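Encoded as structure tokens, the structure appears first; notes follow it.
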Amino acid sequence: ELGLAPHPSKGEFRTIVGAIGERTLEAQQQLEQLPGVDEVMAISQPYKLASREFHEADTILDIKGIRVGGPHVNIIAGPCAIESREILFGVGQAVKDAGASILRGGAFKPRSSPYSFSGMGKEGLELLQEAGEALDMPTITEVVDPRDVPIVYKYADIFQIGARNMQNFNLLLEVGKTDKPVFIKRGLAASITELLMSAEYVLSQGNHRVILCERGIRTFADEVRFTLDVSAVPVIQERSHLPVFIDPSHAAGKRDLVPALALAGIAAGAQGAIIEVHSCPDRALCDGPQAVLPHNFAKLMEQIRQIAEIVGHRVTLWGREDA
Ligand code: PEP
Ligand code: MN
């Protein structure tokens, strides 16, 4: 009746109802008088539902039985782009054998050049779904256009919002109207507050299943493709309850640097990483130079498991929690 949209969040000790809308003294007084209301607090941050003030405990998502967030570390791996059945299934099997819990593969690729390979589209989505089922792994793929949300919803388990689309607000609103998890990558030049505001767009539509990802930002350092902002991990975790992943592949731009950045992110407390793997990187149609080979990925998984343990996290291996 006050024109506020309710967003209940059940905690261990209390239920917080986010009341999103214009804050007036009158509304506050009326809410305070309602039976069952303990107190009415204003959330000071511009992002509300994404903030720790609104939801104190870490959010833990259940994605086809795999828990994401809190103490759980999940590794997403696969090729940058879906190129063929053979490569997707081969790389998929290799990353699954190494312990990755979620399969990645792009069917719609946002490219810096209009002349570059832009993905297999629907055919790629069909292959991804088939591979995910065969390997018993949830899948993630990028959606670049609000008009593609229904088709990506049909074939994949997680929507990836790419760095270049982090502030495509219509796209965020569209995936926010669905019930599938949304993995949002930080824009190349976006602040952490802006990333959290993008999450807020999704949450505001009622979809509370959001994962954030630091994938490197633009700096003056030109030895790497982007600069992985490792400090973003604890900073976001202090401000938000949402799971935070890192992407060492797009930050590094070179495969030899991927392990160091992946481990740095996990050591900083990231709840997962998204890593590009390819069986024949020299012939990859997209991001070959940063793709790690399957056997090196397997070695990295073992190091990730050890580092995660040191910081009190547990890696989900083969879809199960590490003992
Ligand atoms: C990707 O994951 O392949 C990708 C394009 O990433 P980003 O949006 O971070 O550049
Ligand atoms: Mn890529």
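Annotations
- Just one residue in the set Val182, Val235, Val224 is among the hydrophobic types (A, V, I, L, M, F, W, C), open to solvent by 20 Å² or more (accessible area, probe 1.4 Å) and in contact with a Lys or Arg (Cβ under 9 Å, 6 or more places away or on another chain); that residue is Val224.
- Every residue from region 259-295 that is within 12 Å of ligand 2 (Cβ to nearest atom), open to solvent by less than 40 Å² (accessible area, probe 1.4 Å) and of a type in the set (A, V, I, L, M): Ile274, Ile275, Val277, Ala284, Ala291
- Filtered residue count, region 125-163, keeping only those that are open to solvent by less than 50 Å² (accessible area, probe 1.4 Å) and either without any contact (Cβ under 8 Å) to a residue 12 or more places away in the chain or within 13 Å of ligand 1 (Cβ to nearest atom) (or both): 11
- Total residues in region 21-74 satisfying the condition of being of a type in the set (S, T, N, Q) and open to solvent by less than 80 Å² (accessible area, probe 1.4 Å): the figure is 6.
- Filtered residue count, region 74-129, keeping only those that are more than 16 Å from ligand 2 (Cβ to nearest atom) and charged (D, E, K, R): 7
- Any chance Arg255 is within 19 Å of the chain's Cα centre (by Cα), charged (D, E, K, R) and either within 16 Å of ligand 1 (Cβ to nearest atom) or open to solvent by 10 Å² or more (accessible area, probe 1.4 Å) (or both): no
- Taken together, the residues in region 81-122 that are open to solvent by 10 Å² or more (accessible area, probe 1.4 Å) and in contact with a Lys or Arg (Cβ under 8 Å, 6 or more places away or on another chain) amount to 5.
- Positions within region 204-215 being in contact with a strand residue (DSSP E or B) (Cβ under 6 Å, 6 or more places away or on another chain) and open to solvent by less than 30 Å² (accessible area, probe 1.4 Å), in sequence order: Val210, Ile211, Leu212, Cys213, Glu214, Arg215
The values are calculated or read from the model by the stated rules, or taken from the named source; none is laboratory data. Just so you know, these numbers come straight off a predicted model, no measurement behind them. No Cβ is skipped: glycine too gets one built from the backbone with ideal geometry, and neighbour counts run over all protein chains shown. Heavy atoms of the whole protein, side chains included, go into the accessibility calculation; ligands, DNA and RNA do not. Shrake-Rupley method; radii C 1.70, N 1.55, O 1.52, S 1.80 Å.
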